[in-house]
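Note sheet for the following structure.
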Amino acid sequence: MLKTAFRLLKIKEKIVLPIVQGGMGIGVSAHRLAGSVARLGAVGTISSVDLRRHHPDLMAQTERSRDKALINAVNLTALDREIRAAKTLANGHGMIAVNVMRAVADYAAYVRQSCESGADAVVVGAGLPLDLPELTANYPDVALIPILSDARGISLVLKKWMRKNRLPDAIVIESPRYAAGHLGAARLEDVSDPRFAFKAVLESTFELLKELGLEREKIPLIVAGGITSHEQMGELMALGASAIQLGTPFAVTQEGDAHPNFKTVLAEARPEDIVTFMSVAGLPARAVRTPWLARYLEKEAKLQKKAGVKQCTVGFDCLQQCGLRDGIGKAGQFCIDTQLAFALNGDVKRGLFFRGSESLPFGNAIRPVRELLEYFLTGLRPIIA
């Protein structure tokens with residue numbers, strides 16, 4: 001484990017470094033990134049969505065298929081492979097978590113497969129995981145970690161879970177104002193609402209824990225979104241956070257599982273290149289304005305006005321609710337699986353490249369996971385030519 005002056009993070013009975021690598025799909029955080037982070041003593045996270053794209057044999061079975069059951073089965077096989085490969089790479093160190101979006105149609109199957117395949121933790125965002133205790137009842141050793149954005153959501157989950165005699169083993173508090181990908185706000189105009197500020201959410205959550213008769217040390221709070229420096233990490237830990245979660249900074253590391261072009265797009269994006277818009281999942285999202293996204297946004301209003309129910313364009317039906325398939329005019333009107341797959345494979349013209357809003361710790365340099373962890377833990381920057 002790397003050295004740090006910060007207090008270590010305890011999740012269940014595991015002691016790890018106070019840094020969590022966020023889950024990034026499609027395939028951006030798979031076994032190589034998650035395993036590399038865990039090997040150094042932190043929490044590495046695999047994104048569960050459509051992992052078949054990292055396995056040529058599984059893609060050969062399904063690339064042209066519209067058999068939903070086959071695609072879902074193959075993706076569970078891919079998830080199993082990725083978890084086992086990450087655990088092997090970690091070699092007993094750190095933790096391997098799996099991020100599952102509550103908004104995906106096969107959510108329950110992904111959760112169960114994560115547990116069966118040996119994940120140390122299941123992390124759930126993009127919706128309230130009120131049923132997570134039941135889904136994981138046969139796996140009491142698996143840590144359960146919801147991703148929430150405000151005290152109201154945390155209160156709902158805590159009270160619901162307490163009635164089931166279960167508590168979260170940690171909670172990720174993600175700021176919609178700065179985070180990448182799908183954001184924990186209902187509307188675009190809510191993204192910068194002051195109620196999502198870390199200080200406000202931490203204070204409200206500590207007060208809530210007191211009201212519920214829970215010790216604040218019992219549920220570690222992990223803050224996520226827009227954290228770019230060792231100093232900022234120190235300030236958040238001083239406010240009572242137990243750890244930080246980083247997404248985009250890990251996505252651009254050498255060990256990141258996406259194509260080199262993907263990392264370059266994220267690393268070289270300027271503030272004016274980063275936009276917030278409505279995803280097909282019905283949530284605000286943040287990404288780099290690449291050629292495809294620029295063209296889409298120009299015609300978004302027209303597409304939303306013409307929205308109507310139609311068949312899934314790839315036969316996958318990956319989301320429980322899809323703006324394009326279900327004709328939801330206020331949501332995005334594109335196939336998110338297709339656009340994210342283009343990005344994973346480095347297609348700059350056609351890909352959707354999720355990214356946080358803030359500058360990166362090492363500018364546009366692509367550096368190893370070890371250097372990123374060491375910088376946040378100690379404040380020592382690598383020499384970058």
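The values are calculated or read from the model by the stated rules, or taken from the named source; none is laboratory data. Fair warning: this is a prediction, and the values are worked out from it, not measured in the lab. Positions of Cβ are backbone-derived with ideal geometry, glycine not excepted, and every protein chain shown enters the neighbour counts.
General remarks:
- Filter result for Ala185 (surrounded by 21 or more Cβ atoms within 10 Å (Cβ to Cβ) and among the small types (Gly, Ala, Ser)): yes
- On the stretch given as the range 84-122, residues that are at pLDDT below 95, surrounded by fewer than 21 Cβ atoms within 10 Å (Cβ to Cβ) and of a type outside the set (A, V, I, L, M, F, W, C) total 1.
- For the range 81-100, filtering for residues that are touching a helix residue (DSSP H, G or I) at 6+ places or on another chain (Cβ under 7 Å) and closer than 30 Å to Pro284 by Cα leaves 6.
- Condition met for Ala126 (at pLDDT below 95, surrounded by fewer than 21 Cβ atoms within 10 Å (Cβ to Cβ) and closer than 22 Å to Gly23 by Cα): no
- Qualifying residue in the range 205-214 (condition: under 23 Å from the mean Cα position of the chain (by Cα) and either surrounded by fewer than 22 Cβ atoms within 10 Å (Cβ to Cβ) or under 30 Å from Lys159 (Cβ atoms) (or both)): yes
- Whichever residue in the range 258-307 is among the acidic types (Asp, Glu) and surrounded by fewer than 16 Cβ atoms within 10 Å (Cβ to Cβ) and, among such residues, is farthest from Gly351 (Cα to Cα): Glu272
- Every residue from the range 130-147 that is touching a Leu at 6+ places or on another chain (Cβ under 8 Å) and either under 24 Å from Val16 (Cβ atoms) or surrounded by 21 or more Cβ atoms within 10 Å (Cβ to Cβ) (or both): Leu132, Pro133, Thr136, Leu144, Pro146
- Taking every residue in the range 357-385 that is over 22 Å from Ala34 (Cα atoms) and pairing it with any residue that is in a loop (DSSP other than H, G, I, E, B), at least 6 positions away or on another chain, the pairs with Cβ-Cβ distances below 7 Å are Ser357/Tyr178; Ser357/Gly226; Glu358/Tyr178; Glu358/Gly226; Glu358/Thr228; Ser359/Thr228; Ile384/Phe362; Ile384/Ala365.
- Only one of Ile171, Ile244, Ile222 that is surrounded by 20 or more Cβ atoms within 10 Å (Cβ to Cβ) and without any contact (Cβ under 8 Å) to a residue 60 or more places away in the chain: Ile171
- Qualifying residue in the range 228-237 (condition: within 24 Å of Val369 (Cα to Cα), buried (at least 16 other Cβ atoms within 10 Å of the Cβ), aliphatic (A, V, I, L, M) and free of Cβ contacts under 8 Å to residues at least 40 places away in the same chain): yes
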